[in-house]
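The values are calculated or read from the model by the stated rules, or taken from the named source; none is laboratory data. Please read these numbers as outputs of a predicted model, since none were measured by experiment. With ideal geometry, Cβ positions are generated from the backbone for all residues, glycine too; neighbour counts draw on all protein chains shown. Side chains included, ligands, DNA and RNA excluded: accessible areas come from the protein's heavy atoms. Shrake-Rupley method; radii C 1.70, N 1.55, O 1.52, S 1.80 Å.
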Amino acid sequence: MTDRPVTKAPTLKTIADMTGLSLSTVSLSLRDGSKLKKETRDRVARAAAELGYVPNRAGVRLRTGQTNVLTLILSTERNTLDYTRLLIQGIGSHLQRTPYHLNVTPELPGSDPLDSLNYILTNRTSDGVILTHTSTHDVRVQRLADAGLPFVTHGRTAFDFDHAYVDFHAERFIELAVDRLLALGRTRFLYVPFDNGTTNFNNTVAQFKGTVSERGLDGDVVLDTKRLDTAASAREFACNLATSKAPPDAIICSNDVTAVAVLGGMTDAGKQCGRDFNLVCKGTTELLPALYPQIDTVREDLVEAGRHIAELLIQRLRGEAVSALQKLHKPTVSWGNG
């Protein structure tokens, strides 16, 4: 048997020799290059990629106490098209030129929401955490705040303390939707939310009631949201709604999955979008307006949200104040031809 030559793994010194930069500059660039010129960061990143450089996590942890790992605790609910892929794409695109790696931990229905956090906090397996689908007084947020571990949420809470978050301006979405339907001459308004226990549900319901009242309109909210738990039940609900004595002619849906089911149910009952009613929904992809050009969408850019979440978490890890790490994303309208 022929002995194969042992190839040493590339080190920081290998990158320094290749780029002509000092060892300290290379180390800083791979660790936290925000103070370096972009050209320098890109030069180091290209060399590291070409050499196949991989940081020794065990060594990093021994030297610094840091893991260079961030954990995304991700809800597995299915009420939004392509949520997981788009959010992770955004987070990953920001992290690719940083020393941080992303772990994804699914939060399964029926599980204790603190299990994953307690494991991270006990074993110190992550430097920071990203939470999705936050509720008004989310026990996970309180746990992380008490523990002092840096975190960012995708969604707001109602706590009396500040924390870093990125969220969609859902209240503005409601205003835009109501005014769009009003401009189309519609008068009987219905908001069809998806009650997943998040702060978003409370915010949008309150905003809808306030907006229709300010406009002097009639408006109802589907508060028994169990009828919307599945696409089949939502479709049946919409079919029954369409055959009621005074069916709504202005429908607002909080997510694209429910919107498709509602549109199908109204169609089953012989109602035509654009003629008998108009529908505005919050969407997360370009798929919905492509398939159903007769409906109106107000889009949340989840890739951009993911990038901002990663950016804010790294800033929080550097010690920046949470009051400066809060972003509300503006909705993007896409009015159909209905």
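Of the residues examined, Ala259 is one that is among the aliphatic types (A, V, I, L, M), open to solvent by less than 20 Å² (accessible area, probe 1.4 Å) and either within 15 Å of Phe194 (Cβ to Cβ) or in contact (Cβ under 8 Å) with a residue 24 or more places away in the chain (or both).
Leu121 meets all of the listed conditions (1) over 21 Å from Cys281 (Cα atoms); (2) within 20 Å of the chain's Cα centre (by Cα); (3) surrounded by 14 or more Cβ atoms within 10 Å (Cβ to Cβ) but one, namely (2). For the stretch 37-54, which positions are modelled with pLDDT under 80 and in contact with a helix residue (DSSP H, G or I) (Cβ under 7 Å, 6 or more places away or on another chain)? The answer is Leu51, Tyr53. Going residue by residue through the stretch 188-209, is there one that turns out to be among the acidic types (Asp, Glu) and not in a helix (DSSP H, G or I)? Checked against the condition, which is being among the acidic types (Asp, Glu) and not in a helix (DSSP H, G or I), the stretch 188-209 yields at least one hit.
Taking residues in the stretch 185-203 that are basic (Lys, Arg), and partners anywhere that are assigned to a strand (DSSP E or B) and crowded, with 17+ Cβ neighbours inside 10 Å, the pairs with Cβ atoms closer than 6 Å and at least 6 places apart or on different chains are Arg186/Ala250; Arg186/Asn278.
Looking only at residues in the stretch 1-36 that are under 24 Å from Arg316 (Cβ atoms) and open to solvent by 100 Å² or more (accessible area, probe 1.4 Å), which one is modelled with the lowest pLDDT? Only one residue tops the list, namely Arg31.
Within the stretch 91-114, one or more residues are open to solvent by 40 Å² or more (accessible area, probe 1.4 Å) and under 24 Å from Asp160 (Cβ atoms).
Screening Leu223 with (1) at pLDDT below 95; (2) part of a helix (DSSP H, G or I); (3) open to solvent by 30 Å² or more (accessible area, probe 1.4 Å) gives one miss only, at (2). For the stretch 177-202, which residues satisfy the criterion of being buried (at least 21 other Cβ atoms within 10 Å of the Cβ) and of a type outside the set (Ser, Thr, Tyr)? Result: Ala177, Val178, Leu181, Phe189, Leu190, Val192, Pro193, Phe194, Asn200.
Every residue, every condition in (1) under 23 Å from Tyr83 (Cβ atoms); (2) buried (at least 20 other Cβ atoms within 10 Å of the Cβ), yes or no:
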site: Ile252; (1), (2): yes, yes
site: Thr267; (1), (2): no, no
site: Gln272; (1), (2): no, no
site: Glu286; (1), (2): yes, no
site: Gln315; (1), (2): no, no
site: Gly319; (1), (2): no, no
site: His329; (1), (2): yes, no
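Please verify whether Phe173 is aromatic (Phe, Trp, Tyr), in contact with a strand residue (DSSP E or B) (Cβ under 7 Å, 6 or more places away or on another chain), at pLDDT 95 or above and open to solvent by 10 Å² or more (accessible area, probe 1.4 Å), treating the condition exactly as stated. Answer is no for this residue. Restricting the first member to the stretch 158-170 and to residues that are more than 25 Å from Pro193 (Cβ to Cβ), and the second to residues that are open to solvent by less than 10 Å² (accessible area, probe 1.4 Å), the beta-carbon pairs closer than 8 Å and six or more apart or on different chains are Ala164/Val152; Ala164/Thr153; Ala164/Leu312; Ala164/Leu313; Ala164/Leu325. Is one or more of the residues making up the stretch 229-250 closer than 23 Å to Asn196 by Cβ and of a type in the set (Asp, Glu)? Scanning the stretch 229-250 turns up at least one residue that is closer than 23 Å to Asn196 by Cβ and of a type in the set (Asp, Glu).
Among residues belonging to the stretch 105-117 that are free of Cβ contacts under 8 Å to residues at least 12 places away in the same chain and not acidic (Asp, Glu), point out the one that is nearest to Thr67 (Cα to Cα). Restricting to residues being free of Cβ contacts under 8 Å to residues at least 12 places away in the same chain and not acidic (Asp, Glu), the top hit is Ser111.
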